[in-house]
Amino acid sequence: MNEREVYEFIDSAGRLGIVPGLDSIRELCERLGDPQRSLKFVHIAGTNGKGSVSAFISAALRAAGYRVGRYISPVIFEYREKIQVNDSYITKNALCRGMERIKEACGCMEASGHCHPTAFEIETALAFLYFQEKKCDIVVLETGMGGLTDATNIVENTLVAVLASISMDHMRFLGGSLEKIARQKAGIIKKGCHVVSLRQEPAAMQVIEERAAEAGCALTVADPALAVHIRYGLERQRFDYGGYKGLEITLAGRYQIDNGALALEALKALAEKGFPVREDRLRRGFLEAKWPGRFTVIGRKPYFLADGAHNEDAAKRLAESLQFYFANKRIVYIMGMFRDKEYEKVIALTHGLADQIITVAAPGNPRAMSSYELAQEVVRYHPGVTAADSLEEAVEAAYLMAEKEDVIVAFGSLSFLGRLMDIVAARGGK
């Protein structure tokens with residue numbers, strides 16, 4: 001297969017949609033020799049914060065000299081970003097070779113009466129194949145949207161199960177209450193692993209405690225309230241937590257202190273499982289950790305930030321960070337949303353901080369609201385709305401609206417942020 005054929009194959013599988021359950025991924029991986037069985041995992045679930053926690057853990061392990069596989073979704077810059085080893089994307093050659101094997105296995109599955117695997121199942125199997133080929137010491141594995149019936153949950157060798165912030169999202173698939181959603185997320189807990197959770201809302205915390213007890217697992221709770229001597233900043237932040245003094249991170253946003261605390265507790269648990277990280281290497285890893293598109297500064301004079309706030313909890317966090325870092329500043333939004341997300345709640349939680357709002361559509365994505373659809377929703381809350389025909393037009397309009405001392409914030413679906421960041425960079429935004 002060549003690259004074009006790979007993407008055509010994935011696109012065709014993508015039309016199958018989301019099909020929760022493990023039967024198909026089990027069958028596919030078995031036909032591939034069960035590559036996941038030769039690997040060890042840090043498995044991460046949650047509604048918001050998974051990627052940041054994954055970035056901290058992966059960077060610290062990499063700084064300690066381990067060969068680290070990392071599986072993430074969604075991506076911002078390009079397709080191969082989903083599968084990484086020591087911060088390098090899967091090679092084009094490995095992508096094509098792996099997909100050729102998987103396509104053949106999928107064809108055999110269909111011929112024997114099985115359902116064709118979904119795009120996410122195919123990508124997950126490809127990740128396992130690549131991590132096995134690269135002889136990864138450990139894999140930091142993010143779930144897709146759930147946990148219990150998520151394709152990644154086929155793994156058995158989970159050393160540490162990490163639960164990031166859990167809130168309401170994907171209710172159609174995960175359930176309409178926090179308890180039901182938490183039960184799905186906590187499904188990644190396996191017997192013998194160490195469970196590390198952010199301190200959750202009581203309803204979610206109870207579910208996690210019960211599931212850990214059922215599986216006979218040790219449970220550590222990361223409590224952000226124990227982070228002290230915090231110095232916030234857009235370019236660098238510092239905090240003390242759990243015996244570590246003056247830890248520095250470059251990820252902005254007040255909530256990144258929470259994610260850093262959770263990653264620290266996960267690394268402590270991982271050390272007990274045979275993967276210690278010296279303090280100097282941990283510090284280096286935390287400082288080097290990158291996670292673009294999460295309250296990321298992509299331009300200055302005016303400040304231009306990109307953030308993937310696309311659900312209620314993330315919108316709250318974005319609004320809190322904007323109020324904290326940019327009190328009394330004039331703010332211009334560029335907003336793009338999927339129609340199957342909580343766009344009304346996102347608008348309601350964020351509109352009050354904006355002077356002007358520019359709406360966009362994520363290019364080439366059928367789930368995206370058009371800029372005009374979104375503008376019609378926004379105008380119910382805020383009169384200053386402009387619908388842009390393209391991302392280039394939106395960026396141009398934002399720069400015309402904003403003075404050097406103002407702030408531009410692009411947020412919503414992660415699917416348009418990569419292209420938008422390229423546009424800003426081409427203008428010399430930084």
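The values are calculated or read from the model by the stated rules, or taken from the named source; none is laboratory data. These numbers were taken from a predicted model, which means no experiment stands behind them. All Cβ positions, glycine included, derive from the backbone under ideal geometry; neighbour counts span all protein chains shown. Just the protein is used for accessible areas: all its heavy atoms, side chains included, with ligands, DNA and RNA removed. Shrake-Rupley method; radii C 1.70, N 1.55, O 1.52, S 1.80 Å.
Structure summary
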quantity: Solvent-accessible heavy-atom area per residue, rounded to whole Å², over the chain at 1.4 Å; calculated: 41
quantity: Cα-Cα pairs of the range 316-366 separated by more than 15 Å (percent); calculated: 51
quantity: DSSP-defined antiparallel bridges as percent of all bridges, the chain, nearest 5; calculated: 30
quantity: Residue-by-residue Karplus 3J(HN,Hα) for the range 292-301, coefficients 6.51, -1.76, 1.60, Hz, glycine and proline x; calculated: x, x, 10, 6, 9, 6, 10, x, 9, 6
quantity: Relative contact order, percent, the chain [alpha-carbon distance under 8 Å, six or more residues apart]; calculated: 16
quantity: Around residue 106: net Lys/Arg minus Asp/Glu count, Cβ-Cβ under 12 Å; calculated: -2
quantity: Taking the convex hull of Cα positions in the range 101-259, its mean projected area over all directions (nm²); calculated: 12.2
quantity: Shape box of the range 307-398 [Cα atoms, principal axes, largest first, Å]; calculated: 34, 27, 23
quantity: Rule-of-thumb Rg ratio for the chain [Cα; 2.2 N^0.38 Å; N residues]; calculated: 0.96
quantity: Placed amide H near residue 386: partners under 5 Å, 5+ positions off or other chain; calculated: 357, 358, 359
quantity: Distance (nanometres) between label positions extended 7 Å along Cα→Cβ at residue 235 and residue 279; calculated: 2.8
quantity: Those chymotrypsin sites (Phe, Trp or Tyr not before Pro) in the range 178-273 that DSSP places in a loop and that have at most 16 other beta carbons within 10 Å; calculated: 232
quantity: Residue-averaged 222 nm ellipticity for the chain, from DSSP H runs of 4+ at -39500 (n - 2.57), nearest 500; calculated: -12500 deg cm²/dmol
quantity: Area of residue 389 that stays accessible when all protein chains are in place (1.4 Å probe, Å², to 10); calculated: 110
quantity: Normalised per residue, the volume of the convex hull around the Cα set of the range 242-284 (Å³); calculated: 73
quantity: Reciprocal mean inverse distance between Cα atoms of the range 1-144 - Kirkwood radius, Å; calculated: 15.5
quantity: Protein accessible area in the chain, 1.4 Å probe - carbon and sulfur %; calculated: 48
quantity: Rounded to the nearest 20 debye, dipole of the range 111-259 from Cβ charges on Lys, Arg, Asp, Glu; calculated: 220
quantity: Lysines with Cα under 22 Å of residue 135, excluding same-chain neighbours fewer than 8 positions away; calculated: 40, 82, 92, 273
